[in-house]
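Chemist: Below is the structure I would like to discuss, written out as structure tokens.
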Amino acid sequence: MAAEDKKAFGQRMNALKQSAQAKVDALKEHIGNGGQAEAAPDDPTRPARMAPVGSLHPISIVRQRIVEVFTRIGFTISQGPEVEDDHHNFGALNFAEDHPARDMQDTFFVREGTDGASPAGMALRTHTSSVQVRVMEHSRPPIRTISPGRVYRNEAISARAHCMFHQVEGLYVDRGVSFAELKGTLDHFAKSLFGPEVAIRLRPSYFPFTEPSAEVDMSCTICDGEGCTVCKYSGWVEIMGCGMVDPAVLRNCGIDPEVYSGFAFGMGVERIAQLLYRVPDLRLYWENDVRFLEQFNDGAFRS
Ligand code: DAH
């Protein structure tokens, strides 16, 4: 502080000190008198202040909304382990031992324990398709189930990719399940979540566990098809993979493909959330910044 300002500042500080002291003295006297009467600082009949309450994480909200769409039309919910064996994550799903498709998914392998606690060949599941296998191994058609859960891939963390994310898998197996039903179900899903005006389209694709396979695009809800950075000016955004369950997969799980057929699909929850909430950077979801998270408190706090 400049020397010439010190005097004036000192005087103001003194005045502040005196007024604070006077207040303290007055309060002490008030308490000494039994603290009664007119000087009560608050109205005790006012409603209590609400304690701050947290909200559901945006990914939980979106997962719940996805799950609701399917449970309403008769799908059950099933879950499986996040540390998975090779058979459920790859083998039974028709990924051959040296199949190049295994490279599609950068797997985190779990090191074999010397104490026998971690058997060989375990990995963090790379997709929730592993749960399909578990369900088909343990139940008979008709099967109508969805499997939400966490999945892991060895990816460099960026705005568009993370080493941990969420998927919802769907599976329907019965006599005479058709591709048309798959398309109708996914169209219903897209319209339920994004509104009746959205459209979907299917592009031929490849997955080892479905035949035929398709990639599902939805008309871009960010720009209504006009073209934007999210849809890369195509008017369409990819939302999931799907297909008819490969007969070999049914057979691997003890279901006769001569009698039954099925469809399956798998989507990323973060992707759907990005389209619903227009969050440009995936990393925001996992930084636990309350200023970000509290913006999703849309009254959706349900157990
Ligand atoms: N498991 C695939 C993935 O993680 C997604 C997927 C594609 C699941 C097609 C399916 C399907 O059930 O039919 O990339």
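Chemist: Yes or no: ASP187 of a type in the set (Asp, Glu) and farther than 19 Å from VAL67 by Cα?
Modeler: When the stated conditions are applied, ASP187 does not pass them.
Chemist: With VAL237, VAL279 as the choices, which residue is farther than 29 Å from GLN132 by Cα and either more than 15 Å from the ligand (Cβ to nearest atom) or more than 17 Å from the chain's Cα centre (by Cα) (or both)?
Modeler: Checking each option against the conditions leaves just VAL279.
Chemist: In addition: What pairs come up if the first residue lies in the range 227-253 and is of a type in the set (S, T, N, Q), the second is within 14 Å of the ligand (Cβ to nearest atom), and their beta carbons are under 7 Å apart, counting only those six or more places apart or on different chains?
Modeler: Within 7 Å, the pairs are ASN252/ALA92.
Chemist: Anything in the range 199-211 that is under 23 Å from HIS127 (Cβ atoms) and either of a type in the set (Gly, Ala, Ser) or crowded, with 19+ Cβ neighbours inside 10 Å (or both)? List them, or say none.
Modeler: ILE200, SER205, PHE207, PRO208, PHE209, THR210
Chemist: Within the range 124-168, take every residue that is within 14 Å of the ligand (Cβ to nearest atom) and small (Gly, Ala, Ser) and give me the one that is modelled with the lowest pLDDT.
Modeler: Result: ALA161.
Chemist: Return yes when ALA273 is more than 13 Å from the ligand (Cβ to nearest atom), under 21 Å from SER147 (Cα atoms) and aliphatic (A, V, I, L, M) and no when it is not.
Modeler: yes
Chemist: Would you mind finding the one in VAL269, VAL279 that is out of contact with any strand residue (DSSP E or B) (no Cβ under 8 Å at 6 or more places or on another chain) and in contact (Cβ under 8 Å) with a residue 40 or more places away in the chain?
Modeler: After applying the criteria, what remains is VAL279.
Chemist: Out of (1) farther than 23 Å from ILE73 by Cα; (2) in contact with a Pro (Cβ under 9 Å, 6 or more places away or on another chain), the odd one out for VAL168 is which?
Modeler: For VAL168, the failing item is (1).
Chemist: So, of the residues in the range 261-303 that are open to solvent by less than 60 Å² (accessible area, probe 1.4 Å) and assigned to a loop (DSSP other than H, G, I, E, B), which turns out to be modelled with the lowest pLDDT?
Modeler: Filtering first and then ranking leaves ALA300.
Chemist: Let me ask you something else. Within the range 240-250, can one find any residue that is within 11 Å of the ligand (Cβ to nearest atom), in contact with a Lys or Arg (Cβ under 9 Å, 6 or more places away or on another chain) and either farther than 19 Å from PHE70 by Cα or open to solvent by 30 Å² or more (accessible area, probe 1.4 Å) (or both)?
Modeler: Checking the range 240-250: not a single residue is within 11 Å of the ligand (Cβ to nearest atom), in contact with a Lys or Arg (Cβ under 9 Å, 6 or more places away or on another chain) and either farther than 19 Å from PHE70 by Cα or open to solvent by 30 Å² or more (accessible area, probe 1.4 Å) (or both).
Chemist: In the range 215-237, what count of residues is obtained for those that are within 12 Å of LEU275 (Cβ to Cβ) and at pLDDT 90 or above?
Modeler: Residues flagged as within 12 Å of LEU275 (Cβ to Cβ) and at pLDDT 90 or above within the range 215-237 amount to 6.
Chemist: Still on this model: So how many residues does the range 212-222 have that are open to solvent by 20 Å² or more (accessible area, probe 1.4 Å) and either within 16 Å of the ligand (Cβ to nearest atom) or closer than 19 Å to ALA159 by Cβ (or both)?
Modeler: 3
Chemist: Of everything in the range 199-242, what is closer than 23 Å to PHE263 by Cα, in contact with a Ser or Thr (Cβ under 9 Å, 6 or more places away or on another chain) and not in a strand (DSSP E or B)? Give them in sequence order.
Modeler: Across the range 199-242, the qualifying residues are ALA199, PHE209.
Chemist: Please go through (1) within 20 Å of THR76 (Cα to Cα); (2) within 16 Å of the ligand (Cβ to nearest atom); (3) among the basic types (Lys, Arg) for ARG203 and return the number of the only condition it doesn't satisfy.
Modeler: (1) is the only condition that ARG203 fails.
The values are calculated or read from the model by the stated rules, or taken from the named source; none is laboratory data. Since the structure is predicted, the reported quantities are computational estimates derived from the model, not experimental observations. Glycine gets a Cβ as well: all are built from the backbone with ideal geometry, and neighbour counts include every protein chain shown. Side chains included, ligands, DNA and RNA excluded: accessible areas come from the protein's heavy atoms. Shrake-Rupley method; radii C 1.70, N 1.55, O 1.52, S 1.80 Å.
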